[in-house]
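Taken together, the values in this text are just the output of simple stated rules run on the coordinates, not laboratory data. What you see is a predicted model; the values in this text were computed from it and never measured. Virtual Cβ from ideal backbone geometry, glycine too; neighbours counted across all protein chains shown.
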Amino acid sequence: MTKKIPYSFTEKKVIVFDLDGTIVRLVADWHSLFKALNSRFIEKYQKAINHESMSAILSSVVKLGDEEELQLNFNLIQQYELENITSNQPIKEVIYFINNKELFGVSPNAKLAVFSLNTRSTILKSLEMAGILDKFEFFVGREDVRKWKPEPDGLLKILDYFKVDAKEMIYFGDLEKDLLAGAKAGVESYYIDTLINLVRNIKKS
Ligand SMILES: [Mg+2]
């Protein structure tokens, strides 16, 4: 291993991963899902707000204090996510890292967690299908917070669960909102590509 990477795992007690685009690639019809959520919102509240994302729609529902509608939205998201779950593509380098983390200087006592915008069933099912569910101890999914990435709430929840310092955690994701959430939580965060390259270099040597 000669390639320099910007982080070290030796002091880390918890390694957190995003799910979609980080551990696996989901193949849900996000466009139709967004449209379905948006139509529900307009029909239910008779308000046409220009929502930019699914999280923005859900945030509006949270602001209206409508927990029942929020649960129905979670169910709809879950339904779309699970529809094509068997077509999930695991990202093989990341699966390799998770299965062989000690090769990368990760302490054998380090814990793994997922912080994702996908629903819990999607997280659990995806990890199960990739054969790595038992490597993980804690999961924060769509239903587990009321403020979504780039807000840091999910990471704060994970810090609280493991009772570790932000410095003892590291987070990998594939989007800028992942890194923003990390920065807001004071948790070192990196694009998953850095880890994918590290795995490729280790396997080559
Ligand atoms: Mg992602």
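Assuming charge only on the beta carbon of Lys and Arg (+1) and of Asp and Glu (-1), the dipole of region 30-83 about its Cα centre is about 220 debye to the nearest 20.
Descending by average beta-carbon neighbour count within 10 Å, the peptides 127-133, 186-192 line up as 186-192, 127-133, the highest first. Rg over Rh for region 30-83 works out to 0.93, using Cα positions for both radii and the Kirkwood form for Rh.
Using C-alpha positions alone, give me the convex hull volume of region 123-199 per residue in cubic angstrom.
Values: hull volume 7.9 nm³, N = 77.
Convex hull of Cα atoms, per residue: 103 Å³.
Which pairs break 27 Å Cα to Cα here: Lys147/Lys203; Lys63/Lys177; Lys125/Lys147; Lys47/Lys157; Lys135/Lys203; Lys44/Lys149? Pairs exceeding 27 Å: Lys147/Lys203; Lys47/Lys157. Taking 7 Å along the Cα-to-C-beta vector as the label spot, tell me the Ile49-Glu67 distance in nanometres, rounded to one decimal. It is 1.9 nm.
Charge dipole (Cα centre; +1 on Lys/Arg Cβ, -1 on Asp/Glu Cβ; no other charges) of the chain amounts to roughly 580 debye. Computing FRET efficiency as 1/(1 + (r/R0)^6) for His31 and Thr10, where r is the C-beta to C-beta distance and R0 is 41 Å, gives about 0.45. Remark on Val114: its backbone amide H falls under 5 Å from those of Phe17, Phe138, Phe139, Val140, a criterion applied only to residues 5 or more positions apart or on other chains, H modelled at 1.01 Å from N. Hull volume per residue, based on the alpha-carbon atoms of the chain and their convex hull, is 115 Å³.
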